[in-house]
Structures are given as structure tokens and as C-alpha cells.
Amino acid sequence: RHIAKLAAIYNAARDEYNDEDAGVMPIPRNPFRAVKLPIPRTVAGQKSLGVELVQRIIDAVEVEEDEGIRTALAVFVVSFCTMGANLAALYAARPFKGDVWVYHRQKTASRRDDRAEMQVVLPPRVCRYVALLQGDRRWWLGKLHDLNPKAEQITGRVNRALRRWCVREGIEPFTFYACRHSWATIARSSCGIDKATVDECLDHVGTYQLADIYLEKDWSIINKANTKVLALLSFQVSGSSSSGSAE
């Protein structure tokens, strides 16, 4: 596993500093090319949950009485409906007009020319769950800030709430990050969406870095993929017409 991590760091450096088009290759060789690297294992609690369990999470939001658990389940649903948006991005999101949420994935924004931008069309079915999370109006999902006012602690709070729900329901515990695994796996396995599009939906760089330089981003492709995934599930849509605005 350590050699795989070293290879990942080395390849990231080559991606950062090499420019094949300009002929600038300060890191020309790949010493790991001939090395058989171990396949990374899925971290415990981050596996794909499958359509049935994701549906169970969606259904649980409406009947959950514990406010902390309800908030955790609701933000899980919002993340799933926005193609596995990271908790950090959801926590930092400010109210906005319209039904397109534009954000930059914090984990990779500083390392990419496009600042890891994402433009997600909010499906009508997510509005109900966004409304449940609108507390402090300075934020898009204010109840996340009610749950914990410190950004660096919100993941722990959400994961603990999810674990409490899992234990109570007799489900193997999972973490919030399982949302991204679940969306990606369902998109690929249940909807037949190609891997390159799944990569884009998760805001990954993927394997087409040179093509990305020349191709103009077509956000409709990833949002159509999201529509296919969400069509497999049933959502409670009554009770709100809210989109990105806190009004």
C-alpha cells in the first residue's frame, strides 16, 4: 500500500509540473511503470450502499424524530442528489438564486486550472430536503451550522449521527463519504453511464487531461447522468418549492 501511495504522489507531481504540449518535462520518467501496484481497498464505512439502502435513507428523513440524525440523513440525500457533493462544499455553500449550484471542490480546487468547478442543476426532488436543512439564512444549508459551528468538526458530527441511525436500524455502519461511492456505483452498474462521465460527475480529473484543455465543458452531460440515477429512486417532493435561495 505504501508503494501505491508513493506512486500516486509521484504521478501527481508529473501531472502538476510536466507540459507535454510545450515539451517541458522536468519529470520525464515514471519509475513505477513496471511495478505492479496493489489495488486500493475501499475504506471501511465508505462502500457503495446500493439502491435499496439509499431509498431507505431517503424514506427515513420524513419520519426521523432525532434532530441530529434527521439533519445527517437529509444532507446525505442532498449530497446524493448533487452527484456526491462533498460535505465541505455543502457546509460552505451560501444561498444563491436559481436552480444551478456552482461550487468548487475544496479538496482539489487549488491544484486545478478550473479550480475544480462544478455546475449542478438542482433537481426538483432535492428541494424538499434542502428546505429541511435551511436554518441560519446566511448559509444555504444552515442547519449544518446549527449541528456544529466549526467546519473542521462537521464531518465527525454527521458521521456519528449516521452511525447512531445505523446501529438503531441494524445496518452495518457507513460514513458520509459512502454517498459518493454509492452514486458512482449506481450510475455505472445500474444506469450504464460510462466511466469518463462518472469521473466528471464526481469532479475528478480522470484520464483525459489533454482533452480537457481543448474541450469546452458541457455541464448538461453530467446533469443528464444525474437525472438517470435519481430516476431509480422515489422522493418526497411536496411541501417546498425552494431552490438555492434562502427566501
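The values are calculated or read from the model by the stated rules, or taken from the named source; none is laboratory data. All values derive from a computational prediction rather than experimental measurement. Neighbour counts run over all protein chains shown; Cβ positions are idealised from the backbone, glycine included. The protein model used for the area step is the full one, side chains on, heavy atoms only, and it has no ligands, DNA or RNA in it. Shrake-Rupley method; radii C 1.70, N 1.55, O 1.52, S 1.80 Å.
For the stretch 62-77, the tally of residues that are under 24 Å from Val121 (Cα atoms) and either crowded, with 23+ Cβ neighbours inside 10 Å or without any contact (Cβ under 8 Å) to a residue 40 or more places away in the chain (or both) stands at 7.
Every residue, every condition in (1) among the basic types (Lys, Arg); (2) surrounded by fewer than 17 Cβ atoms within 10 Å (Cβ to Cβ); (3) within 17 Å of the chain's Cα centre (by Cα); (4) at pLDDT 90 or above, yes or no:
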position	(1), (2), (3), (4)
Ser110	no, yes, no, no
Ile154	no, no, yes, yes
Glu172	no, yes, no, yes
Thr175	no, no, yes, yes
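Table: residues versus (1) open to solvent by less than 30 Å² (accessible area, probe 1.4 Å); (2) farther than 20 Å from Ser48 by Cα; (3) touching a Phe, Trp or Tyr at 6+ places or on another chain (Cβ under 6 Å); (4) among the β-branched types (Val, Ile, Thr).
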| position | (1), (2), (3), (4) |
| --- | --- |
| Ala131 | no, yes, no, no |
| Trp139 | no, yes, no, no |
| Trp183 | yes, no, yes, no |
| Cys201 | yes, no, no, no |
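If you go through the stretch 96-106, how many residues are surrounded by 17 or more Cβ atoms within 10 Å (Cβ to Cβ) and either among the charged types (D, E, K, R) or assigned to a loop (DSSP other than H, G, I, E, B) (or both)? Going through the stretch 96-106 one residue at a time, the tally reaches 1. Counting only residues that are closer than 19 Å to Val78 by Cβ and in a helix (DSSP H, G or I), the stretch 138-152 holds 7 of them.
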